[in-house]
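Each remark here refers to the structure printed beneath this line.
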Amino acid sequence: MTLQNMQARLANYPSCHPPTAHLRSSTKEELQMAYVLTYFPVRGRAEAIRLMLKDQGKDWTEVTVTRDMWLEGTVKNSCLFGQLPKFEDGDLTLYQSNAIRRYLARKLGIYGKDDKEEAFIDMMDDAVQDLQNKYIKLIYQEYDTKKEDYFKQLPCDLARFEKILTCNEGGFLVGKQISFADYALLLQLLNHEVLCPSALDNFPSLQAYRDRLSARPNIKAYLESHAFKNTPINGNGKQ
Ligand code: GTS
């Protein structure tokens with residue numbers, strides 16, 4: 001990404017946003033073990049990590065990097081690939097949002113019950129990533145020029161997930177238990193409903209899935225929280 005693109009992407013980020021601690025009162029040992037998520041003050045690529053942690057009842061510390069902090073360069077230079085999100089678990093530091101999600105999924109036991117399910121979950125998650133990549137391209141590069149084309153293609157993309165969910169009686173993308181891919185799909189559905197409120201109109205299984213996952217107690221509380229509602233979906237203010 002060019003500096004110009006990054007500046008455009010960061011243009012709407014609040015210029016001052018102190019780190020937010022999502023921690024109950026903890027012992028020193030617990031604090032040392034706590035997860036730390038470093039990202040910009042947007043939902044973006046960090047949101048599937050946040051949603052997974054919330055649903056699984058895990059606490060973490062959120063370190064928010066503002067536009068000014070990022071453009072200054074020190075934080076960027078400290079990141080392995082010059083990008084965020086960054087995730088810390090004790091002495092382990094990870095970059096790359098999907099590696100972080102898979103690490104947590106293994107650790108939290110939401111990566112399928114056997115090798116076969118794990119492979120299917122990977123496949124589903126890659127398909128959700130394809131949709132996410134199209135969405136990101138629209139938001140950051142084509143919002144003012146290609147929205148109509150995007151809306152024409154969207155039903156075709158969503159129909160594939162509709163079929164998968166209709167066929168899987170377990171109620172999730174794979175098997176009978178939630179996996180890390182489900183959090184990613186739920187977020188894509190929510191984002192797409194903001195972009196296009198009628199997006200799910202012809203997809204009863206996707207609607208039921210969105211409702212069922214959104215009603216899980218920890219997810220419900222999070223979706224209704226100030227933290228979620230007041231964090232922009234994307235860094236350029238488009239949604
Ligand atoms: N493949 C990486 C991942 O999934 O973590 C991409 C990370 C990435 O592109 N991060 C962007 C970034 O740090 C922010 S965002 O795309 O997630 O909004 N950009 C700053 C920069 O200087 O590149």
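I need the full set of residues from the stretch 188-239 which are under 22 Å from Leu154 (Cβ atoms) and among the polar types (S, T, N, Q), in order please. Within the stretch 188-239, Gln188, Asn191, Ser198, Asn202, Ser205, Gln207, Ser214, Asn234, Asn236, Gln239 meet the criteria. Quickly run through the stretch 188-207 and pick out the residues that are over 17 Å from Met124 (Cβ atoms) and among the hydrophobic types (A, V, I, L, M, F, W, C). Passing the criteria: Leu190, Val194, Leu195, Cys196, Ala199, Leu200.
Screening the stretch 64-118 for helices (runs of 4 or more DSSP H) wholly inside it with 2 or more residues that are of a type in the set (S, T, N, Q) returns the ranges 74-78, 97-108. If you check Phe161 against the conditions, is it part of a loop (DSSP other than H, G, I, E, B), away from the ligand (no atom under 16 Å from the Cβ), touching a helix residue (DSSP H, G or I) at 6+ places or on another chain (Cβ under 7 Å) and modelled with pLDDT of 95 or more? Answer is no for this residue. Among the residues of the stretch 40-63, just one is within 13 Å of the ligand (Cβ to nearest atom), assigned to a loop (DSSP other than H, G, I, E, B) and either of a type in the set (D, E, K, R) or without any contact (Cβ under 8 Å) to a residue 60 or more places away in the chain (or both), namely Arg43. Whether any residue in the stretch 67-81 is more than 13 Å from the ligand (Cβ to nearest atom) and either among the β-branched types (Val, Ile, Thr) or in contact with a Lys or Arg (Cβ under 9 Å, 6 or more places away or on another chain) (or both) is what I want to check. No, because not a single residue in the stretch 67-81 is more than 13 Å from the ligand (Cβ to nearest atom) and either among the β-branched types (Val, Ile, Thr) or in contact with a Lys or Arg (Cβ under 9 Å, 6 or more places away or on another chain) (or both).
Matching residues to (1) within 17 Å of the chain's Cα centre (by Cα); (2) buried (at least 18 other Cβ atoms within 10 Å of the Cβ); (3) within 19 Å of Pro197 (Cα to Cα):
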| site | (1), (2), (3) |
| --- | --- |
| Asp126 | yes, no, no |
| Leu131 | yes, yes, yes |
| Tyr143 | no, no, yes |
| Lys152 | no, no, yes |
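Filtered by the rule that a residue be under 21 Å from Asp125 (Cβ atoms) and of a type in the set (D, E, K, R), the stretch 60-104 gives Lys86, Asp89, Arg101, Arg102.
Being assigned to a helix (DSSP H, G or I), away from the ligand (no atom under 16 Å from the Cβ) and modelled with pLDDT under 95, is that true of even one residue in the stretch 17-29?
The answer is yes; a qualifying residue exists.
Number of residues in the stretch 208-239 that are assigned to a helix (DSSP H, G or I) and crowded, with 17+ Cβ neighbours inside 10 Å: the value is 7.
Table: residues versus (1) modelled with pLDDT of 95 or more; (2) touching a helix residue (DSSP H, G or I) at 6+ places or on another chain (Cβ under 9 Å); (3) more than 14 Å from the ligand (Cβ to nearest atom).
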position: Tyr103; (1), (2), (3): yes, no, no
position: Ile110; (1), (2), (3): yes, yes, yes
position: Lys113; (1), (2), (3): yes, no, yes
position: Val128; (1), (2), (3): yes, yes, no
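The values are calculated or read from the model by the stated rules, or taken from the named source; none is laboratory data. Since the structure is predicted, the reported quantities are computational estimates derived from the model, not experimental observations. So basically every Cβ, Gly included, is an ideal-geometry build from the backbone, and we count neighbours across all protein chains shown.
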